[in-house]
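Read-outs throughout are calculated quantities, based only on the coordinates presented, and are distinct from any laboratory measurement. Bear in mind that the values here come from a model prediction, so they are computed numbers and not experimental data. Neighbour counts are summed over all protein chains in view; Cβ atoms, including those assigned to glycine, are modelled from backbone coordinates with ideal geometry.
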Amino acid sequence: MTLHPALLRPDDIAARLPEQPAMIMAVSGDVLTYGQLTRHSIQLARLWRERGLRVGDHIAVLMNNRPEYLEAIWAARRSGLYYTPINWHLTADEVRYIVENCDARALVVSENLLDVAEAALTGNDRVVVKLAVGGERSGWDRYENTVYRTSDAPLEQEIEGQQLLYSSGTTGRPKGILHSEIDPDRAFGDVGADMLWQNTYGWDETCVDLEPGPLYHAAPLVAAMRMHRFGGSVVVMERFDAETVLRAIEQYRVTSAQFVPTMFVRMLRLPEQKRAAYDLCSLRMVVHAAAPCPVDVKHRMIEWLGPIVHEYYSATEAAGRVAIGPEEWLRHPGSVGRPEPGALVITAEDGTPLPAGEDGVIWFTKPEKRFSYHGDAGKSASMYNERGWATMGDLGHLDAEGYLFLTGRSGDTIISGGVNIYPREVEDVLIGHDLVDDVAVIGIPDEEYGQSVRAVIKLRHGAGSPELAAEIIAWCRDRLAHYKCPKSIRFTAELPRTPTGKMMKHRLEENLAGTPRI
């Protein structure tokens, strides 16, 4: 097997710096060193091979953020397996769907999720290796007692595994997203020159990266693994908490951090005294993605942290990627960046290219990677057109200088009286109201206009009332064209948002059952 000159593995860091922290839990302070990460992932890879898993088989992980999470992922990555992290908030039926859809043969589960996992595996005889982390359960092997007693001699042939990540399922069943098949001739660590090219931020052994999001999501998982290829330390939060973020930055001298916009909102709402109490001077870069960020929120983050706030637009599908730095964004507020000329086209629904300033479907003309949806050839084909362009289902427009502005998702557009209304624009205004903690804007049936705009609002404090609803609608009309503003408001105690900031609008109506309209 020929090794690629861009071979990058955590093993190489472990050989030089075995005690270097690969992962630190933000609250508990538990540390997983590079030496431990390498040894334990080798042991787990060997265990799976001894239990009958072969190159191209599939494993799944259902765990909270904890050190064993990345041990399991790296074990799959070094043994030629596909791996799927599963959202720990899912029900047993939802977990069952993913485990069966990806045809998993092994499942690694943390103790607090064993009840869900057992219910999900009812009648499943494909999963032949069941590992319980941190607890005992009949029919399961305890992770610590099984993995750490397995030989730590590397497999005779270590092959680069691949991820099969599932979409958030915000509009229905999650979809498995596959970028490439496993190549039995591709050595573990052979990431190609592309990974070296991506290291524009200068990741090295001095970097400390904070990942406050759940590792089952693509952005924090990919970021953590990328950092492990270059030797930096990753600080992982057990769960997001705004003040804990600031404490972790100060305590661990964090140099970079990745957030989603809802985290920014929570951090900005900390009292000024608390925000000023922590030393954040070690931060050299903050990155945000996963959902659109209201312009006012990003302005305030830059005022607070300085011009270190970067943004990128992509998705798990990775059909394309657009990024923008802080100085450029301040000149083009609201943009997610300017793609390579000719690499992005905005079209109408019928495929007709649209001029600058007009909203339409975003197409990447030079797809970064060819992706497909596991087991769904029809859906896969629908994401490409006859020219080979790829879309991720998002809407937006280019300005006269070629900067991209996102509008929303194609399935979210509200058509009222024949006019398109984009919920994201309305949500960005409403989140600026002092009493609004979270908001989702949806279209509801309207006999006269086809659809009308409704805002579903979670308040920061207090109860909703007809008077407050009228005040918020009037406040919105002072800032936005009246036809875009909500005609009705519902107040709710919680909105069905994933921890990565995405609104699960297909669950919104069922959660609102019985909630009075105001």
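Details
- Amide H within-cut-off set for Ala323, under 5 Å, with H built and near neighbours excluded: Tyr313, Arg338
- Among beta bridges that DSSP assigns inside segment 227-323, antiparallel share in %, nearest 5: 20
- Total charge dipole magnitude, segment 314-454, about the Cα centre, Cβ charges on Lys, Arg, Asp, Glu only, Debye to nearest 20: 740
- In the chain, helical runs assigned H by DSSP with n ≥ 4 each contribute -39500 (n - 2.57); averaged across all residues and rounded to the nearest 500, the mean residue ellipticity at 222 nm is -8000 deg cm²/dmol.
- The charge dipole of the chain, taken about the Cα centre with unit charges on the Cβ atoms of Lys, Arg (+1) and Asp, Glu (-1), comes to about 340 debye, rounded to the nearest 20.
- By the beta carbon rule, with partners counted only under 4.7 Å, the chain holds these lone Cys residues: Cys102, Cys207, Cys281, Cys293.
- Reducing segment 88-114 and segment 268-346 to their Cα centroids gives an inter-centroid distance of 33 Å.
- A cut-off of 5 Å between modelled amide H atoms, ignoring neighbours fewer than 5 places along the same chain, links Asp438 with Lys458.
- Taking θ as phi - 60° and the Karplus parameters 6.51, -1.76 and 1.60, the scalar couplings of segment 132-139 work out to 9, 9, x, x, 10, 7, 4, x Hz in sequence order, x denoting glycine and proline.
- Toward the positive end of the charge dipole of segment 367-411, with +1 on the Cβ of Lys and Arg and -1 on the Cβ of Asp and Glu, the farthest Cα among Leu398, Gly388, Phe371 is that of Phe371.
- The residue among Ala106, Val61, Ile42 whose Cα reaches farthest toward the positive pole of the charge dipole of segment 1-112, with charges on the beta-carbon of Lys, Arg, Asp and Glu, is Ile42.
- Report note on the peptides 132-138, 424-430: ranked by the mean count of other C-beta atoms within 10 Å, highest first, their order is 424-430, 132-138.
- Out-of-range pairs (alpha-carbon distance over 21 Å; input Lys298/Lys487; Lys458/Lys487; Lys458/Lys502; Lys175/Lys379; Lys366/Lys502; Lys274/Lys298): Lys298/Lys487; Lys366/Lys502
- Close amide H contacts of Ser452 (hydrogens built in the peptide plane, cut-off under 5 Å, sequence separation of 5 or more or a different chain): Ile444, Asp446.
- Here the chain carries DSSP beta bridges of which approximately 50% are antiparallel, counting only pairs with both residues inside.
- Selected from Ile421, Ile489, Tyr83, residue furthest toward positive end of dipole (the chain; charges at beta carbon): Tyr83
- Sparse packing (at most 11 other Cβ atoms within 10 Å of the Cβ) combined with a DSSP loop state is found for the following GluC sites (Glu not before Pro) in segment 340-372: Glu349.
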